Each structure stands twice: as structure tokens, then as C-alpha cells.
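Beneath this line is the structure, given in C-alpha cells, with notes to follow.
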Ligand code: HMG
Ligand code: MG
């Protein structure tokens, strides 16, 4: 098995969706470009969800059009899409850019019914139904499809989640044709002890297929880092064969619909810590750590400036 590990930076999407302050579109574009220049394999640049639900990313079209002006050679851009309307917006932006701006779309559901309702106003089965036309459109446009499953270890509303349930949802996503399953530890509850049975379940569901038709890993781990155990989970996952991880520059992030009792949802593992953990464990990444640190510092700066101007720092 290869020792090269794929890194996706989700800061422009997961990192900025939960910020109280408004980040200028030009700053978001600058962050995406710095991340692409750092050598991460993919940048999740925004969400094409309802701007009423996530106003922080309501400038998605403007951002996409700005990024279309100069996409760096070899960059891979993905966007979060909840339904057919989001997919139409994605493909319209891609068409305005000449067809090669967006490489991947990410649909998202959950292993918890309550979280699914709170996050998307739909049951898990309803979300899968919504994704059918999204996947069909992605196939027509030769775009990859990532399928996120949230709350793979614990749900903020339902408590612990059984690996078997995550496996069932993964099968539903694979049945409609997603190329990659991304396991979201939405509230950062995972430990090596809980990650192990979960990964065994997924390895069985994926039937020993480590890569998809695009040559990328079929399984990704998306860790939030609440109790400082995310790096331990990365090491455990590497040992079990996982070769794709998400991180967030500056350790920003959190799903607004995972906040309970007014507490901000937990942030993602920082991509710098992620890359350091992977490389210290003897694996390789394509990332230039100095350039990544620069992108992380920029992410922290724009967020802090917005928080200060909102009076919420
Ligand atoms: P809904 O209100 O049930 O949808 O929302 P609807 O179909 O009834 O439409 C209501 C309104 O939204 C209509 O507009 C639609 O046109 C509009 P109106 O007639 O009121 O003016 N609408 C849209 N507008 C723009 N783009 C769209 C779109 N769809 C409908 N795509 C919906 C359903 C899914 C849209 C809503 O619940 C939503 O946008 N949810 C977003 C949730 C979200 O972004 N959560 C954070 C990301 S997930 C996450 O962070 C977890 C992850 O990181 C992994 C992990 O950590 O676990 C991925
Ligand atoms: Mg997340």
C-alpha cells in the first residue's frame, strides 16, 4: 500500500461557515489560493447551500467567479452541495469558468436522524433521495462525488452512534454512485478505541477497494479536534490503511447545526498538525509545510479581524 497520503483543506468551507464575522470574498479567494499553493491535494472552497441557512457562505457565486480568473495548475477544488438546486449553481459557475473550475462536489448526510433533520431539514433517507440527481449530473459533467457522513462516532443530540449504522449509510451513498465516503467526526468525539471498529466496518463496506475510478482513495477521515485526540485517531487510521484526511488551516471550523446550549461547534484538526502527524508517522504528503503555515496564519488573521469588528473575539 502506498505511503502517500491525500490531504484536503476544508478551511474555506468548514472553517468559515461557523464564523460570526463576515469575511470579505477577496480574502476567501486569497486563502484558497494560498492553500492550493501549499500543495494540499484538494481545497473545499465553499458551500452551495441555502444562504438563509449559512449566510457566511452566501457569496459562493462571487467567490467561484473570482477563483475562475486564475485557477493554479494542478489545483483540485470541491464544493458542498445539498440538493439539485446546489448542483445547478455549481455547474452554472463551472460553465461560466469554461468547465474546469469545480473538480468535485460533496453531498452530506448523517448517521444520526436528529442531526440530519437539524442540518438539512430532511431525514437520512430523504437526503439520499435528494442526492440521486446530484450524482447523475456529476457523472454527466465528469465531476467526482464525495459523500460525507456526519456524527460517525457521536451525535450532539442522540449520543453514541454504532459503527453498523455508519456502514448502512455508507452503503446507501455507494449505491447511488458516490466515489468517496468521508467520515465526519462532527463534534470531535473520536478516540483510537472508537475509530478502530468504525474503520473495520467501512473497510468491509468498501469491499477492499482502496481507490475509486478517479484513482483517489475511497475513504477519507474528517476529524474535529475537541479533546486533543484527533492526532491519535490519525495515527490509528494510517495503521489501518486510511490514506486520505481532511484538515482545516488554522484549525478553524465547526458545523453551525452541531452547536448545543449556545456553545460553538468544535473546530477541525488543523491541517498543519494533520500533516506533521502523518509525516512523523513515516508517511508522505504533497504539502510544503512552510507554505501551509503561511496559509494557516492568513486564515487566523482574517477570522480574527472579522471577529474583532463584530465584537465577538
Ligand atoms: P429547506 O428549507 O428544507 O429547503 O432547506 P427547501 O427546498 O424547502 O427550500 C427553502 C428555500 O431555500 C427556498 O428559497 C429554496 O429555493 C432555497 P425561498 O423560496 O425560501 O426563497 N434553497 C436553496 N438556495 C440556494 N441553494 C440551495 C438551495 N436549496 C434550497 N442549494 C437545505 C434544505 C438543505 C437547502 C438547507 O437545510 C441547507 O441549506 N442546509 C445547509 C446546512 C449546512 O450547510 N450545514 C453545514 C455543512 S455540513 C457540515 O458542516 C458537516 C461536515 O463538515 C462533516 C462533519 O464535520 O460531520 C460536512
Ligand atoms: Mg466538519
**Complete:** Within segment 43-58, the residues that are more than 14 Å from ligand 2 (Cβ to nearest atom), part of a loop (DSSP other than H, G, I, E, B) and touching a strand residue (DSSP E or B) at 6+ places or on another chain (Cβ under 8 Å) are 48
**Message:** So in segment 230-280, with the set limited to residues that are part of a loop (DSSP other than H, G, I, E, B) and within 12 Å of ligand 2 (Cβ to nearest atom), which one is farthest from residue 40 (Cα to Cα)?
**Reply:** 265
**Request:** Test each condition in (1) within 16 Å of ligand 2 (Cβ to nearest atom); (2) buried (at least 22 other Cβ atoms within 10 Å of the Cβ); (3) touching a residue at least 40 places away in the same chain (Cβ under 8 Å) for residue 221 and report the one that comes out false.
**Result:** (3)
**Item:** The lone exception for residue 73 - which of (1) more than 22 Å from residue 186 (Cα to Cα); (2) crowded, with 24+ Cβ neighbours inside 10 Å it fails
**Value:** (2)
**Fill in**
By residue number, the members of segment 159-195 that are within 14 Å of ligand 1 (Cβ to nearest atom) and in a loop (DSSP other than H, G, I, E, B) are 161, 178, 186, 187, 188, 189, 190
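Does residue 129 fit the bill of being without any contact (Cβ under 8 Å) to a residue 12 or more places away in the chain and either part of a loop (DSSP other than H, G, I, E, B) or within 15 Å of ligand 1 (Cβ to nearest atom) (or both)?
Numbers: without any contact (Cβ under 8 Å) to a residue 12 or more places away in the chain: yes; either part of a loop (DSSP other than H, G, I, E, B) or within 15 Å of ligand 1 (Cβ to nearest atom) (or both): yes.
So residue 129 passes the test.
Could you please give the count of residues in segment 196-215 that are assigned to a loop (DSSP other than H, G, I, E, B) and either crowded, with 22+ Cβ neighbours inside 10 Å or within 13 Å of ligand 1 (Cβ to nearest atom) (or both)? Outline the logic, then answer.
In the first step, residues of segment 196-215 are kept if they are assigned to a loop (DSSP other than H, G, I, E, B); the result is 206-210, 212-215.
Filter once more, so that each one left must be either crowded, with 22+ Cβ neighbours inside 10 Å or within 13 Å of ligand 1 (Cβ to nearest atom) (or both): none.
Residues that pass the stated criteria total 0.
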**Asked** Across segment 262-284, what is the number of residues that are within 16 Å of ligand 1 (Cβ to nearest atom) and under 14 Å from residue 9 (Cα atoms)?
**Response** 6
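Residue by residue, here is whether (1) more than 16 Å from ligand 2 (Cβ to nearest atom); (2) touching a strand residue (DSSP E or B) at 6+ places or on another chain (Cβ under 6 Å); (3) free of Cβ contacts under 8 Å to residues at least 60 places away in the same chain holds:
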site: 3; (1), (2), (3): yes, yes, no
site: 6; (1), (2), (3): yes, yes, no
site: 9; (1), (2), (3): no, yes, no
site: 16; (1), (2), (3): no, no, no
site: 20; (1), (2), (3): yes, no, no
site: 25; (1), (2), (3): yes, no, yes
site: 30; (1), (2), (3): yes, no, no
site: 36; (1), (2), (3): yes, yes, yes
site: 39; (1), (2), (3): yes, no, no
**Request:** State all residues of segment 25-42 that are assigned to a loop (DSSP other than H, G, I, E, B) and either buried (at least 24 other Cβ atoms within 10 Å of the Cβ) or touching a helix residue (DSSP H, G or I) at 6+ places or on another chain (Cβ under 8 Å) (or both); if no residue qualifies, say none.
**Result:** 38, 39, 40
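All of the numbers you see were taken from the coordinates with simple rules; none came from a lab. Worth saying up front: this structure is predicted, and the values here are computed from it rather than measured. Here Cβ is always computed from backbone atoms with ideal geometry, including for glycine, and neighbour counts include all displayed protein chains.
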